[in-house]
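Accompanying notes for the structure given below.
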Amino acid sequence: MAIRQLSPETINRIAAGEVVERPASVVKELVENALDAGAREIEIVTAAGGLSLIRVTDDGIGMDAADLNLAVERHATSKLASDDLLAIDTLGFRGEALPSIGSVACLVITSRPRSARDALEIVVDRGAKHALKPAALNPGTRIEVRDLFSATPARLKFLKSERAENLAVSEAVKRLAMAHPHVGFSLTMGERTSLSLPACEPNADGLLKRLGRIMGAAFMSDAVPVRGERDDIGVHGFAGLPTLHRPDAAQQFLFVNGRPVRDKLVTGAVRAAYGDLVPRGRHPLLALFVTLPPSEVDVNVHPAKTEVRFRDGGAVRGLLIGALRHALEAAGFRASAQGGARTLETLARTGTPPPPAYPDRDAAHASRPLGGFAEEQQAAFVEFSAPAADTSVHEEAPASDHRARPLGAARAQLHDTYIVAETENSVVIVDQHAAHERLVYERLKSALENGGVARQALLIPAVVDVGDDEAAALEEKSEELTELGLVLERFGAGAIAVREVPALLGTSDVDGLVKDLAADLLAEGSAAPLRERLEAIASRMACHGSVRAGRRLTGAEMNALLREMEATPFSGQCNHGRPTYVELKRSDIERLFGRT
């Protein structure tokens, strides 16, 4: 077949196949144009999933006759001051969207510059451009797209249901609304207004308010601010506490110079930053905004402009990880507020009041032991300055002094598992095993980073039967285990002799610890980096070395646990990502009993 020149109509339809994948693609292009035009209010209306109607109205700068005529021509744009594609500081820049849309639908553009008295209208009907004519409109631009893909009906069979297309439109609008909180958005689908977002203040509070409207109230109450800067690269935004997570990464958003993008870089950075703070297979919630010079990022790598390429991806990734880690460390012992909310909802559903506490009669009573130790061989919870068995009154500050502390004063222990504490405005319930597990784990990590874990020699080595494969796996990792304070060696067929253990763990269940470590090593292999393997081992050790559910604590021990939680980063969640405590606000409890 001889080579021939394609007609302009065919060229436009080929371009439309790249730019206009579905109705959501049209909405995204038109809203981006409105934002580039300086709009402060944008209204989007769709019908039949966007196939029969898409209308975007804005209050931007508008277009005059010359601009309207050029707007529907291919490769005509107001977004590039020069031909330098490395100096793009707008959302749209290709100059293909409007003519491509007009080639597969009926496109009507009505616009009025802010300084003009009258508006003008131009129509492009399936590739046929009509002459300009007068129209009525407030300052700004209105673009209507009717009968999308009517010129290419074969494309219709590749679309999904109306509900799915509506969902895609909504997601596109939400992403742009998150990136531009100072702009008001309204989205109406059919007869229902599904999204109404008033403009917010152009500051951190305004951004969080906008994110909360889109990502949910749980994120708004459990988000921590993220901010970092390195050279010419900056990042800001909000990240959810580690106890706020979901089974997929759909609520992880990245914006580059105001442009919503999907990039694997953010997935890896989030995984590295949160590390062991979230359960395996779960994903935290966050919205991060990266700013950098346009010359440092290529936004021209995808026709739909949903992907970017960084000149120095490593620097961006490092900045994201550092900023996230700093934000999470600054959150300290905070746990998700949703734990307390769910507890109150459960109480409200069952109609059962909270379990009775055992109130202290006076300050001295708080120092009295609530029971003996059930397992003498467990590692005792200790303050660094005093042994756990010392329960003398003078060692314990009056309980009333602790009520002003964030986690309050210990008042009781329920089921030998949960510590009930009282603050000035709330009741705190702590899972003693989960909390102490995180504390021991953080101590092990800190010791590891500062030269090694202190070891305690066993008077008689503990011999553990684990099986040949397990013994071989433990022997292979003996050097790494030694770094963590666990010194062991082979002891015949299928057995391991443990000679030293981490001093933090005491003489706890060495047999169970070694067997669990062997099982973990066989299951996970050696593919993980050394640091991750060490932290995984430390986590398992912490689980065995922490105070267990079913063990009674004295009042002094309970208060010491609360104080150390307050001083330890990440103590709001255990090593498996579960919350270590829930807080019930006094006002919420009073509502349960009809007091307010």
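The values are calculated or read from the model by the stated rules, or taken from the named source; none is laboratory data. All values reported here derive from a predicted model rather than from experimental measurement. Please note: Cβ atoms are built from the backbone with ideal geometry, for glycine as well, and neighbour counts cover all protein chains shown.
See the values below:
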read-out	value
Tabulated pairs, the stretch 170-192, first in contact (Cβ under 8 Å) with a residue 12 or more places away in the chain, second part of a helix (DSSP H, G or I) and of a type in the set (S, T, N, Q), C-beta under 7 angstrom, 6+ apart or interchain	L187/S170; M189/N166
Criterion violated by S100 - all others in (1) in a helix (DSSP H, G or I); (2) over 20 Å from L35 (Cα atoms); (3) among the polar types (S, T, N, Q) satisfied	(2)
S196 vs. criteria touching a Ser or Thr at 6+ places or on another chain (Cβ under 6 Å) and either at negative phi or of a type in the set (A, V, I, L, M, F, W, C) (or both)	yes
Residues of the stretch 125-155 satisfying the condition of being of a type in the set (D, E, K, R), part of a strand (DSSP E or B) and more than 40 Å from the chain's Cα centre (by Cα)	D125, K129, K133
Members of the stretch 226-254 that are surrounded by fewer than 22 Cβ atoms within 10 Å (Cβ to Cβ), closer than 10 Å to A287 by Cα and not polar (S, T, N, Q)	H236
Complete set of residues in the stretch 405-422 that are under 18 Å from S571 (Cβ atoms) and touching a strand residue (DSSP E or B) at 6+ places or on another chain (Cβ under 8 Å)	L407, G408, A409, A410, T417, Y418, I419, V420, A421
Helices (runs of 4 or more DSSP H) contained in the stretch 484-595 and holding at least 3 residues modelled with pLDDT of 75 or more and surrounded by 15 or more Cβ atoms within 10 Å (Cβ to Cβ)	510-524, 555-567, 586-592
Matching entry among L137, L211 (being closer than 27 Å to R334 by Cβ and touching a residue at least 24 places away in the same chain (Cβ under 8 Å))	L211
Qualifying residue in the stretch 204-225 (condition: farther than 17 Å from P260 by Cβ, in the same structural domain as A269 (by TED's automatic domain parsing) and β-branched (V, I, T))	yes
Flag for L176 being within 21 Å of F253 (Cα to Cα), hydrophobic (A, V, I, L, M, F, W, C) and in the same structural domain as P284 (by TED's automatic domain parsing)	no
Candidates V104, V173, V108, filtered to the one that is surrounded by 22 or more Cβ atoms within 10 Å (Cβ to Cβ), at pLDDT 95 or above and of a type outside the set (S, T, Y)	V173
Pairs where the first residue, in the stretch 103-127, is closer than 12 Å to V145 by Cα and the second is among the hydroxyl-bearing types (S, T, Y) and outside any strand (DSSP E or B), C-beta under 7 Å, 6+ apart	V104/T152; A105/S150; R126/S103; R126/S150
